[in-house]
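**Student:** Please see the structure below; I have some questions.
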Amino acid sequence: MPSEKTDRFEKKFFISRMNASAVDVLIKTHSALFRPLYHERRVNNIYFDTIGLANYEDHVAGAANRWKVRMRWYGETFGEVKDPVLEIKMKYGEVGMKKNFSLPPTFIGDIIDQHALFNLLRQSSVSSYWKSQLQDLRPVLLNSYVRSYWMSADSSVRLTVDKDWTSYFITPSSSLRIASPIVHDGVILEMKYSIQSQDNAASIATKWPWRLTRNSKYVIGMEGFLSR
């Protein structure tokens, strides 16, 4: 069944000069009294874009209204995938929303049959409108990272912390080959909160010793391959 998350802000901090353990210490000692929310787990994504990389270009340009499509699963990156989800993320100005659609089980190897992948999407609960939009897209990037989750004591702000991050370029052909891995340095901390929690989130953010960043992991991964 599809699910939807609406009206939330997401603010990212790219941390290049501190390891994940040091970041955890700052989170645990923050005055907002963050606590672990779940066990950490590996997150995997296949991102889709047009032949001309229109979604990537919109993100780089900072277009006010933009969207991106990815297939997400948890656990091992390669092998049997039991519960993949198609996620469509939309952003309108500073506010984001996300639609999730369950997908049938599949297999991810170093070579992917593009026709089989799109057949997987056709079997999902995606609306006819989004299925028509997906026809113009192709898989372009796979990334994988380990994520931990935190919640403030008043439950107004959630954090995710991503480490051990690798991107793989997906070559454009009928049989998609996952190759050319890039291992990224640094940690990404993201704050997620509702419109009603903006003031509290702003107060929390002032206590981090890092600067906000606009680029997404998709953009950073693609820039790594496009600059080669």
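Taken together, the values in this text are just the output of simple stated rules run on the coordinates, not laboratory data. Please read all numbers here as calculations on a predicted model, not as lab measurements. Positions of Cβ are generated from backbone atoms using ideal geometry, with glycine treated the same way; all protein chains shown enter the neighbour counts.
**Student:** Given 10 Å bins starting at zero, what is the percent of C-alpha pairs of segment 94-165 in each, up to the one with the largest pair distance?
**Tutor:** Here the calculated profile for segment 94-165 is 13, 33, 32, 19, 3.
**Student:** Go through K11/K131; K82/K131; K98/K217 and tell me which ones have a Cα-Cα distance over 27 Å in this structure.
**Tutor:** From the list (K11/K131; K82/K131; K98/K217), the Cα-Cα distance tops 27 Å for K11/K131.
**Student:** Could you tell me the distance between the Cα centroids of segment 86-130 and segment 145-189, to the nearest Å?
**Tutor:** If we compute the Cα centre of each part, the gap is 17 Å.
**Student:** Give the Debye-formula value of log10 I(q)/I(0) at each listed q (0.21, 0.32 Å⁻¹), with one equal scatterer per alpha carbon of segment 88-128, two decimals each.
**Tutor:** Calculated log10 I(q)/I(0) at the listed q: -0.77, -1.10.
**Student:** Restricting to Cα atoms and excluding each atom paired with itself, what does the Kirkwood estimate give for segment 157-228 in Å?
**Tutor:** Hydrodynamic radius (Kirkwood, Cα only) of segment 157-228 equals 14.7 Å.
**Student:** Two decimals, Cα atoms only, Kirkwood Rh: what is Rg/Rh over the chain?
**Tutor:** Numbers: Rg = 17.7 Å, Rh = 18.5 Å.
Using only Cα positions, Rg/Rh for the chain is 0.95.
**Student:** While we're on this one: Quote the relative contact order of segment 3-226 in percent (integer), defining contacts as alpha-carbon pairs under 8 Å separated by 6+ residues. Each step should come with its number before you reach the end.
**Tutor:** On the way: 455 pairs, mean separation 63.8, N = 224.
Here the relative contact order equals 28 percent.
**Student:** Count neighbours as other Cβ atoms within 10 Å of each site's Cβ, and list the trypsin sites (Lys or Arg not before Pro) in segment 165-220 that are DSSP loop with at most 11 such neighbours.
**Tutor:** Details: sites: R177, K192, K207, R211, R214, K217; in loops: K207, R211, R214.
Answer by residue number: K207, R211, R214.
**Student:** Shifting gears a bit: So what's the net charge close to P36: Lys and Arg +1, Asp and Glu -1, counting the other residues with Cβ under 13 Å from its Cβ? Let's see the in-between values first.
**Tutor:** Details: positive: K28, R35, R41, R147, R158; negative: D24, E40.
That sum, taken over residues with Cβ under 13 Å, equals +3.
**Student:** Of the options M151, N19, V161, report the single residue whose Cα projects farthest towards the positive end of the charge dipole of the chain (beta-carbon charges: Lys, Arg +1; Asp, Glu -1).
**Tutor:** Checked the options; the winner is M151.
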